[in-house]
Amino acid sequence: MIPEKWDMAADIVVVGFGAAGVAAAVTAFELGAEVLILEKAPEGQEGGNTRVAGQGYLNTSSAESAATYLKALCGPYTVPDEMVRVWAEEMCLNNDWLRSLGCDPQEHQHQPVGIEFPDLPGADCVHKFHDGPTYGYSHTWNRFESLVKERPIKVCYETPGRELIQDGASGEILGVRAQQGGNAIFVKARKAVVLTCGGFENNQEMIRNYLSGVPYCYTSGSPYNEGDGISMALAVGAKLWHMNNFAGPSMALKVPEFPTTFSMQALHFAKSVPGGMIVVGPDGRRFADEKFKTRHGKVPANGTWQALSTPCPMYMLFDQKLMTSGPLYDKTPSHGWTQIIERYDWSEDNSAELRQGWIKTADTLAGLAQSIGLDPEQLRLTVDRWNIQAEAGVDDDFHRALMLTPFDEGPYYAIEMSPSMLNTQGGPQRNEKARVLRPDGAAIPRLYSAGELGSIYSHLYQGTGNIGECLVFGRISARNAVNETPWS
Ligand SMILES: Cc1cc2nc3c(=O)[nH]c(=O)nc-3n(C[C@H](O)[C@H](O)[C@H](O)COP(=O)(O)OP(=O)(O)OC[C@H]3O[C@@H](n4cnc5c(N)ncnc54)[C@H](O)[C@@H]3O)c2cc1C
């Protein structure tokens with residue numbers, strides 16, 4: 001339905017104010033377009049996953065190597081050569097673009113550790129950057145956000161896009177029906193709409209239908225990313241790609257009081273904490289090396305990489321030594337929605353979380369097993385076997401190398417672990433011009449996309465590649481969108 005009256009209008013309407021939205025909006029503005037951003041979150045919570053990310057972005061050193069590396073990352077889940085080419089060429093230009101806007105790209109100091117798959121061809125193209133001298137808490141996002149705020153680009157907060165308005169005859173996208181304070185508003189896009197509203201990390205129905213191996217999964221990023229861009233694009237005839245790929249799973253605590261997950265220090269590969277700790281599945285047995293540094297959720301399997309197995313419900317079991325060693329959760333606001341936005345103040349001695357029932361305890365293993373619904377005999381066998389292996393310093397079952405500590409005598413503790421993720425990669429498929437495609441391969445007129453909503457990553461993922469790609473396709477989408485002739 002085309003509305004009789006439009007409430008707002010701009011040349012380019014950008015839906016979603018994260019890194020991809022910034023790159024699209026700023027590029028379009030610099031090319032002379034009037035730009036309007038619709039953002040679902042209230043002011044202060046905009047920025048999506050970008051706001052709470054580790055703040056690194058990719059700038060590759062050679063287009064040729066970058067193309068080789070991306071192809072190797074995709075493996076059998078191939079993407080069109082033309083997409084690889086534009087991604088690779090543009091990925092080398094992120095720093096040039098940011099510098100041209102007054103930003104301050106700084107290379108991460110821990111190179112070459114940040115190369116996620118060093119054995120793959122072309123991997124030496126990886127160079128990770130952040131903005132400004134301090135690496136960490138929201139610094140890059142702050143700079144990105146200021147690029148929008150220092151320009152006359154209107155941002156409508158608490159105004160989620162709900163539906164794309166499409167000309168029934170031509171298929172052209174003419175604008176967006178959004179919601180503001182409970183009312184529908186109609187926003188005209190004279191030239192084009194760019195969808196940059198992130199993934200479906202907080203949409204359990206989509207997770208169940210699209211992500212394999214996880215009956216449910218919770219986000220450590222923005223709870224506002226509920227797959228709206230996927231619903232909107234499907235409704236105007238888009239096709240989807242990479243829906244089963246995601247940066248996860250990991251194992252984390254999810255409680256009903258908060259929308260996002262809490263990561264446990266004892267499970268972090270780089271954190272050494274005292275005491276016995278293992279994770280078991282519903283059969284009371286271990287199923288993985290709990291301290292393995294996954295490659296964004298992927299683990300090696302038979303010469304290839306597969307998503308970490310997460311038999312739900314999972315329980316992290318631990319002893320009194322770990323319980324009394326300090327907070328089980330690292331509340332330092334370095335990354336993650338719970339740390340940066342919720343600022344949950346976890347108690348120093350874990351007592352508040354014990355009282356809240358987030359941590360279960362019992363004097364004996366049998367008592368703990370009963371309280372969490374596991375078979376007491378199997379749990380005893382599992383812990384006995386772990387203790388023998390830990391004392392010998394060899395985990396024959398899963399080859400864990402870190403924190404091989406036997407359990408103390410009781411009391412014992414358990415925390416239910418849920419699959420958690422950083423972000424999804426799937427969404428409407430776009431082409432090398434960032435135009436959203438229909439199932440027959442034709443582009444939907446005047447509809448573009450960028451960012452993790454329909455990302456190029458189909459299989460393996462190189463850390464910092466998501467924000468790098470936001471900048472890449474944000475720019476590409478805007479360059480093409482501003483060349484559209486206004487439809488009025
Ligand atoms: C904890 C964490 C750490 C990470 N670290 C890194 C890292 O260091 N480097 C890296 O490259 N990647 C990292 N990632 C992944 C990366 O942050 C994201 O993939 C990337 O930032 C996505 O950017 P985007 O612009 O596509 O979406 P987002 O940044 O998620 O922005 C989407 C925006 O759209 C808004 N929105 C949603 N629905 C609507 C709607 N209907 N209408 C209007 N607005 C809407 C959201 O509120 C949000 O503001 C991390 C992710 C997490 C969670």
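The values are calculated or read from the model by the stated rules, or taken from the named source; none is laboratory data. Computed from a predicted structure; not experimentally measured. A quick note on method: Cβ atoms are made from the backbone with ideal geometry, for glycine too, and the neighbour counts reach across all protein chains shown.
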Counting just the residues of region 324-367 that are in contact with a Lys or Arg (Cβ under 8 Å, 6 or more places away or on another chain) and more than 20 Å from T260 (Cβ to Cβ), which one comes out surrounded by the most Cβ atoms within 10 Å (Cβ to Cβ)?
L365
Could you tell me which residue of region 462-477 is farthest from the ligand (Cβ to nearest atom), considering only residues that are assigned to a helix (DSSP H, G or I) and among the β-branched types (V, I, T)?
I476
Restricting attention to region 437-488, which residues are within 18 Å of A169 (Cα to Cα) and of a type in the set (A, V, I, L, M)?
L437, A442, A443, I444, L447
Subset of region 203-225 (residues that are of a type outside the set (F, W, Y), closer than 21 Å to L164 by Cβ and buried (at least 22 other Cβ atoms within 10 Å of the Cβ)):
N225
What tally of residues in region 224-242 results from selecting those that are in a loop (DSSP other than H, G, I, E, B), farther than 15 Å from N49 by Cβ and in contact with a Ser or Thr (Cβ under 8 Å, 6 or more places away or on another chain)?
1
Could you pull out the residue among A28, A67, A41 that is surrounded by fewer than 24 Cβ atoms within 10 Å (Cβ to Cβ), away from the ligand (no atom under 13 Å from the Cβ) and among the hydrophobic types (A, V, I, L, M, F, W, C)?
A67
It is to be established whether one or more residues within region 396-419 are within 16 Å of the ligand (Cβ to nearest atom), of a type outside the set (D, E), in contact with an Asp or Glu (Cβ under 8 Å, 6 or more places away or on another chain) and on the phi > 0 side of the Ramachandran plot.
no
Which condition number in (1) within 16 Å of the ligand (Cβ to nearest atom); (2) not assigned by TED's automatic domain parsing to the domain that holds Q166 is the one that P3 fails?
(1)
Could you run through region 10-25 and say how many residues are out of contact with any helix residue (DSSP H, G or I) (no Cβ under 6 Å at 6 or more places or on another chain), within 9 Å of the ligand (Cβ to nearest atom) and under 17 Å from R479 (Cβ atoms)?
1
Filter region 216-273 down to residues that are under 19 Å from the mean Cα position of the chain (by Cα) and charged (D, E, K, R) and give me whichever is nearest to the ligand (Cβ to nearest atom).
D228
Taking region 153-199 on its own, how many of its residues are farther than 22 Å from T50 by Cα, in contact (Cβ under 8 Å) with a residue 60 or more places away in the chain and either in a loop (DSSP other than H, G, I, E, B) or among the aliphatic types (A, V, I, L, M) (or both)?
14
Residues located in region 435-456, provided they are more than 16 Å from the ligand (Cβ to nearest atom) and in contact (Cβ under 8 Å) with a residue 60 or more places away in the chain
L437, R438, P439, I444, P445, R446
Conditions (1) in contact with a Cys (Cβ under 7 Å, 6 or more places away or on another chain); (2) away from the ligand (no atom under 16 Å from the Cβ); number of the one not met by E432
(1)
